[in-house]
Amino acid sequence: MPENKIGIDEFKKLEIKIGKILSAEKVEDADKLLRLSVDFGEEKPRQIISGIALYFPDPHVLIGKKCAFAANLEPRVIRGLESRGMILAVSGEGFFSLLETSADVPPGSTVK
């Protein structure tokens, strides 16, 4: 059992939303970082900086994917670029996978 348990009220503070990746490009002079433009059904797309570049040598394969994101994190500046969320993935010894939807759901849908 994990030692760092949290209560349900604390967990409910996290907003996990589905975002559609509109563009993906490598961050200049950063081996691990990609700059994503993500549609959450808001007025304009959000920029998200993610350390997943090693898993996607051609970042363009991410375009059009609908993935789960932590959407209500405080903005963070990474290499001078503001990131307004975090893509969710699972990884381990020899595997990596983004958490994608298996159905066609609209961007901005909340994971419950």
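The single condition from (1) closer than 18 Å to residue 14 by Cβ; (2) touching a residue at least 40 places away in the same chain (Cβ under 8 Å); (3) of a type in the set (A, V, I, L, M) that residue 78 fails is (1). Within the stretch 83-112, residues that are among the charged types (D, E, K, R) reach partners that are part of a strand (DSSP E or B) with beta carbons closer than 8 Å, at six or more positions or on different chains, in the pairs 84/46; 84/47; 84/48; 100/66; 100/67; 100/68; 104/66. Under the condition of being modelled with pLDDT of 95 or more and exposed (fewer than 14 other Cβ atoms within 10 Å of the Cβ), the residues counted in the stretch 26-41 number 2.
Within the stretch 96-112, the set of residues being closer than 21 Å to residue 33 by Cβ and surrounded by fewer than 17 Cβ atoms within 10 Å (Cβ to Cβ) comprises 96, 97, 99, 100.
Put simply, of 88, 81 the only residue that is touching a Cys at 6+ places or on another chain (Cβ under 8 Å) and surrounded by fewer than 17 Cβ atoms within 10 Å (Cβ to Cβ) is 88. Residue 69 - would you say it is touching a residue at least 40 places away in the same chain (Cβ under 8 Å) and more than 15 Å from residue 24 (Cβ to Cβ)? In short, no.
Being in contact with a Leu (Cβ under 9 Å, 6 or more places away or on another chain) and of a type in the set (Ser, Thr, Tyr) is a condition met by at least one residue of the stretch 77-100.
Taking the stretch 65-79 as the range and being within 15 Å of residue 34 (Cβ to Cβ) and out of contact with any strand residue (DSSP E or B) (no Cβ under 6 Å at 6 or more places or on another chain) as the test, only 79 passes.
Each row is one residue, and each column tells you yes or no for (1) within 26 Å of residue 93 (Cβ to Cβ); (2) within 15 Å of the chain's Cα centre (by Cα); (3) assigned to a helix (DSSP H, G or I).
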| site | (1), (2), (3) |
| --- | --- |
| 3 | yes, no, no |
| 10 | no, no, yes |
| 19 | no, yes, no |
| 28 | no, no, no |
| 35 | no, yes, no |
| 43 | no, no, no |
| 47 | no, yes, no |
| 67 | yes, yes, no |
| 73 | no, yes, no |
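The values are calculated or read from the model by the stated rules, or taken from the named source; none is laboratory data. Source: prediction; values computed, not measured. Glycine also receives a Cβ, built like all others from the backbone with ideal geometry; neighbour counts cover every protein chain displayed.
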